[in-house]
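Quick notes on the structure that follows.
The values are calculated or read from the model by the stated rules, or taken from the named source; none is laboratory data. The structure presented is a predicted model; accordingly, all values stated were derived computationally and were not measured. Backbone-built Cβ (ideal geometry, glycine too); neighbour counts: all protein chains shown. Each accessible area value is taken on the protein alone, full model and side chains, heavy atoms only, with ligands, DNA and RNA left out. Shrake-Rupley method; radii C 1.70, N 1.55, O 1.52, S 1.80 Å.
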Amino acid sequence: MKLTKKTDFLIIGSGIAGLSYALKVAGHGKVCMITKANEDESNTKYAQGGIAAVMYHPDTYDKHIEDTLIAGDGICDENIVRMVVKEAPERIAELIKWGTKFDKTASGEYDLAKEGGHSAHRILHHKDNTGFEIERALLLSAHAHPNIEILDHYFAIDILTQHHLGLEVNSRTPDIACFGAYVLNLRTNEIETILAKNTLMATGGAGNVYSTTTNPSIASGDGIAMVYRAKGKVEGMEFYQFHPTSLFNPGERPSFLISEAVRGFGGILKTIDGEEFMHKYDIRKSLAPRDIVARAIDNEIKIRGDDYVYLDCRHLEKDAFVKHFPNIYQKCLDIGIDMMKDYTPVVPAAHYLCGGIKVDKNGRSNIKQLYAVGECSSTGLHGANRLASNSLLEAIVFAHHAAADAIQKIKENPIENYISNNPLAKKNIPNWNAEGTSYPEEMVLLTQSLREVQAIMTNYVGIVRSNIRLQRAFDRLEILYKENEALYLKTTISPILCELRNIINVAYIIIKQARNRKESVGLHYMMADFDLKIKHLLP
Ligand SMILES: Cc1cc2nc3c(=O)[nH]c(=O)nc-3n(C[C@H](O)[C@H](O)[C@H](O)COP(=O)(O)OP(=O)(O)OC[C@H]3O[C@@H](n4cnc5c(N)ncnc54)[C@H](O)[C@@H]3O)c2cc1C
């Protein structure tokens, strides 16, 4: 293992959170950004709808605040909601300054869309690929800055704390502090150490904890697992938002989204024997809100033991449908489904993690010198359920606050001398890739474990939970945890092994926090065990 870098700001992740923070701190020191895949691969790149902000009269901050609080089901931090909503226009102006292009109307105003849960038109967007446009613009600006270095295909394994450096955490210095990270250079397969005065976790979500997700494969909750292992605080993990209708196409990851607008257009949900079922759950039937539809589909699938339900669009007028949904129609055709003639199989998919690394209003975690911003963090904005298009916004607002705080902190950072002298005490550095470790003889040991975690989480800790399901999930995950830790100790380190370890860690936290929250609230829906037994006994 070698010491490769000393930097002022280490950023782990190159989505909207990491990049916007980088652009803010770069004028105050050297920035090293690492990212585990191609530099643009991120949840950010896949965001479709847009970013919420109050732009014009008659919309008001109060309405956006109220919509956010209602979605969050009583457990948002109201001060944080106010801060984010009120700072939105200023932060959006920065995105535009960095080169992001949002669509405009013929009169030159921004073309604002309206999404579920919003009481006004307030979603800025770039066609239906807003995230792609934001990622493009931010990367371009970051590359143009002489102080920002982006290292792609660098995988962060764990953060460095006193423990790794042989420093004492004692009653005089009780706080755990972060001094950078161990990273795996995927081009050389060598483990390197990056020391930093300041570290930002911007590693995004964890959709791959579940079998079906709209998230790309990078979303394995790495940052949350790293911080949890280092004794950082993680909260709100029981609140996982599922999108009700993703295309059921086994093996395809991420899952392709079938927009909720298709139901708005007249698509009807049916079981695989062609029976409508939404009337059993809500008088609005297939037009019920996202979380009710997701729960209804989940329930039908569980009771019947099916893998999916159908979205029936065969009765809709073809020309109008294709005009409205050209990409969805074409995507289905590509896999042999003509939506105008065939049933379209759909299934809910894990979409957005509301919880994460607990941070204050400046993005500070409880570990000193470690910030977290974006989907890996828990700020109090979303509470028990995220309002659509508030997540990109959260990332830029908190990147701004974290950057301002970090710039201030590095001026007074006591570890500077320590870093510039001889920081790498030999003590406590893991013996990765030492003699005696080897690649697993069979990759199936990893791939099968991954499938098992995903199945456990989908079937027992998904949209609808119960005490029995959570207990089962906990017991089964424990076996996988023990097996994987044993493998981790004697196996040459690799991204797939680390991601599996992180996914197991994150699954454990989700189950633990779901068990602690007894009542149903927001996205955490608990079914009484009694109901469950009765339903299973019925024919
Ligand atoms: C299909 C889809 C549609 C969406 N639509 C919207 C929308 O319309 N509006 C909205 O507000 N939100 C939307 N979201 C959510 C939003 O896109 C994300 O919440 C947001 O982009 C997260 O940004 P981030 O910077 O926190 O993380 P990401 O953009 O996911 O970036 C994470 C980065 O961390 C890197 N990384 C992860 N682990 C490691 C590691 N171990 N080592 C090194 N690097 C690592 C990744 O490679 C990546 O670069 C959508 C999400 C999806 C999936």
Mind checking which residues of the range 253-266 are in contact (Cβ under 8 Å) with a residue 60 or more places away in the chain, within 15 Å of the ligand (Cβ to nearest atom) and open to solvent by 10 Å² or more (accessible area, probe 1.4 Å)?
PRO254, SER255, PHE256, LEU257, SER259, GLU260, ALA261
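Please verify whether the range 349-365 includes one or more residues that are open to solvent by 20 Å² or more (accessible area, probe 1.4 Å), within 16 Å of the ligand (Cβ to nearest atom) and farther than 18 Å from GLY72 by Cα. So that I can check it myself, show each step before the final result.
Within the range 349-365, the subset open to solvent by 20 Å² or more (accessible area, probe 1.4 Å) is 351, 358, 360-362, 364.
After this cut, where a residue has to be within 16 Å of the ligand (Cβ to nearest atom) as well, the list is 351, 358.
The next check asks that each one be farther than 18 Å from GLY72 by Cα; those that pass are none.
Looking for residues that are open to solvent by 20 Å² or more (accessible area, probe 1.4 Å), within 16 Å of the ligand (Cβ to nearest atom) and farther than 18 Å from GLY72 by Cα, one finds none in the range 349-365, hence no.
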Within the range 117-139, restricting attention to residues that are under 19 Å from the mean Cα position of the chain (by Cα) and near the ligand (Cβ under 9 Å from one of its atoms), which residue is farthest from LEU387 (Cα to Cα)?
GLU135
Checked ILE224, ILE194 against criteria (touching a Leu at 6+ places or on another chain (Cβ under 6 Å) and either within 24 Å of GLU485 (Cβ to Cβ) or within 12 Å of the ligand (Cβ to nearest atom) (or both)); the one match is ILE194
Before we move on, is GLY49 more than 7 Å from the ligand (Cβ to nearest atom) and of a type outside the set (A, V, I, L, M)?
no
Do the conditions hold for ALA320, that is, is it closer than 19 Å to GLU260 by Cα, more than 17 Å from the chain's Cα centre (by Cα) and among the small types (Gly, Ala, Ser)?
yes
Looking at THR203 and the list (1) within 15 Å of the ligand (Cβ to nearest atom); (2) open to solvent by less than 10 Å² (accessible area, probe 1.4 Å); (3) under 22 Å from ILE396 (Cα atoms); (4) not small (Gly, Ala, Ser), which single condition is not satisfied?
(2)
If I filter the range 472-480 for residues that are open to solvent by 20 Å² or more (accessible area, probe 1.4 Å), modelled with pLDDT of 95 or more, within 16 Å of the ligand (Cβ to nearest atom) and in a helix (DSSP H, G or I), do I get at least one hit?
no
May I ask you to verify whether LEU487 is open to solvent by less than 10 Å² (accessible area, probe 1.4 Å) and either within 20 Å of MET237 (Cβ to Cβ) or in contact (Cβ under 8 Å) with a residue 40 or more places away in the chain (or both)?
no
